[in-house]
1. If we restrict to alpha carbons, what Rg and Dmax does the chain come to, in Å?
2. Using alpha carbons only, how many degrees (0 to 90, rounded to 10) separate the axis of helix 14-24 from the longest principal axis of the chain?
3. Fewest Cβ neighbours within 10 Å first, please rank Leu358, Leu26 accordingly.
4. Give the distance, in whole Å, between the Cα centre of region 290-323 and the Cα centre of region 226-279.
5. Projected onto the charge dipole of the chain (+1 at Lys/Arg Cβ, -1 at Asp/Glu Cβ, origin at the Cα centre), which of Ser180, Cys367, Phe96 gives the Cα projection farthest towards the positive end?
6. Please determine, in degrees from 0 to 90 and to the nearest 10, the orientation of helix 301-310 with respect to the longest principal axis defined by the Cα atoms of the chain, where the helix direction is its Cα long axis.
7. Suppose every K and R has +1 on its Cβ and every D and E has -1 on its Cβ; what is the size of the dipole of the chain about the Cα centre, in Debye to the nearest 20?
8. What pairs in Lys68/Lys119; Lys122/Lys341; Lys271/Lys348; Lys146/Lys331; Lys100/Lys121; Lys260/Lys310 have C-alpha atoms more than 24 Å from each other?
Amino acid sequence: MSNTIPFYKHLITDKHRQYIDEVLTLQNDSKIEKLENRFRDYIGSKCALSTNSSTSALHLAMCALDLKRGDKIICSINSFPDLPEVVRHFDAEPLFVDCKEDDYTMDINKLESVIIKNKSKKLRAVIINHIAGRVGDLESIYRLAKEHNIKIVEDASDAMGAEYQGTKIGNTGADITTYSFSPHLHNSVIQGGMLVTNDENLYNRAKLFRTHAIRNEEGASFDEVEYLYNVIDIGWKYDMSELSAAACLAEFENLDASIKRREEIAQYYLKQLSKVKHITLPTKNSNDIFGHFVIEIDTNRDAFARELKKAGVMVGLHYIPLHFMDYYKNKYELKVFDFPKALGIYQKVMSLPIYNGLTNQEVDAICSAIKKVAKVHI
């Protein structure tokens with residue numbers, strides 16, 4: 001229906017068109033190099049590496065850590081499937097941790113228990129995901145990692161531009177941080193990821209594996225032929241194209257404005273929906289940037305979502321716990337009640353549209369639809 005409000009849509013600006021046109025007409029310098037340099041400076045990290053998706057960036061993070069068969073990586077049970085997926089591609093083992101009920105981030109007490117229980121040389125790292133742009137207690141996580149000599153990889157797909165204690169995520173203490181230029185996944189016309197690190201060795205390994213582990217022949221110089229190369233390992237094809245870099249650069253240059261607009265929409269939701277029955281609204285701390293706006297429905301969440309869809313409002317779900325997925329459920333013999341907090345959250349959560357292309361009229365329509373559905377919801 002023509003009046004449907006999508007869960008997400010990109011706001012295509014004149015800057016997108018300008019940068020894409022410059023690539024197509026071979027004008028100006030590499031957009032890939034410009035994007036990486038500007039992103040690195042914005043985060044404050046030493047190194048930034050562009051990729052064709054955030055999943056590619058996560059996979060390269062595992063390559064950089066030199067993950068081996070049988071190694072163990074800890075991640076939240078409340079995450080998108082690409083987190084354990086990139087671990088399994090090495091025949092390594094993900095270890096799952098339950099989440100907190102208030103902000104859906106990893107439960108640090110549970111994390112510590114899993115670390116202690118699995119303490120060995122095979123325990124290599126923890127992947128932290130900042131769900132909906134919410135940043136957890138990183139100080140405690142970094143302390144645990146240091147105590148037990150394990151690496152920290154942060155999946156900041158929902159948290160590009162977020163800060164922790166006044167410092168941009170990506171420069172707060174993680175060994176590697178990855179990002180997405182299309183975090184909502186739905187209706188994405190722009191694909192791209194980024195990996196940042198302050199460790200040049202990790203950066204060099206990730207960069208090597210990004211393009212087939214190809215290295216130019218040693219001793220080559222500009223006055224010699226440039227087409228000689230060598231393959232020194234098994235790599236991937238994860239580099240970003242110039243066209244994708246043009247679109248991602250335009251997105252990145254609008255990042256702070258996008259964060260500000262999402263904040264405006266979130267505040268409007270919080271005001272308009274504060275007294276609506278059946279709904280619990282998110283609480284905001286100083287680090288939140290509302291990568292998603294997640295509400296809780298007290299009963300029959302799916303019926304509520306169906307009625308909103310009939311009213312022309314599309315919603316999302318972040319996330320279905322990983323132990324509900326057939327692959328992980330069967331392989332690791334996971335039970336529904338093994339992670340009770342994630343189970344309870346999953347039964348209630350719903351993500352509302354929140355993006356910088358959303359108009360005030362559309363936000364009003366969303367709030368009106370929610371109020372109407374809530375009045376008759378059982």
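Only the coordinates and a few stated rules stand behind these numbers; no lab work does. Since this is a predicted model, take the numbers as computed values, not measurements. Neighbour counts are summed over all protein chains in view; Cβ atoms, including those assigned to glycine, are modelled from backbone coordinates with ideal geometry.
1. That works out to 21.6, 76 Å for Rg and Dmax.
2. 30
3. Lowest count first: Leu26, Leu358.
4. With region 290-323 and region 226-279 each reduced to a Cα centre, they are spaced 22 Å.
5. Of the candidates, Cys367 comes out farthest on the positive side.
6. 90
7. For the chain, the charge dipole is close to 1580 debye.
8. Too far apart for the 24 Å limit: Lys122/Lys341; Lys146/Lys331; Lys100/Lys121; Lys260/Lys310.
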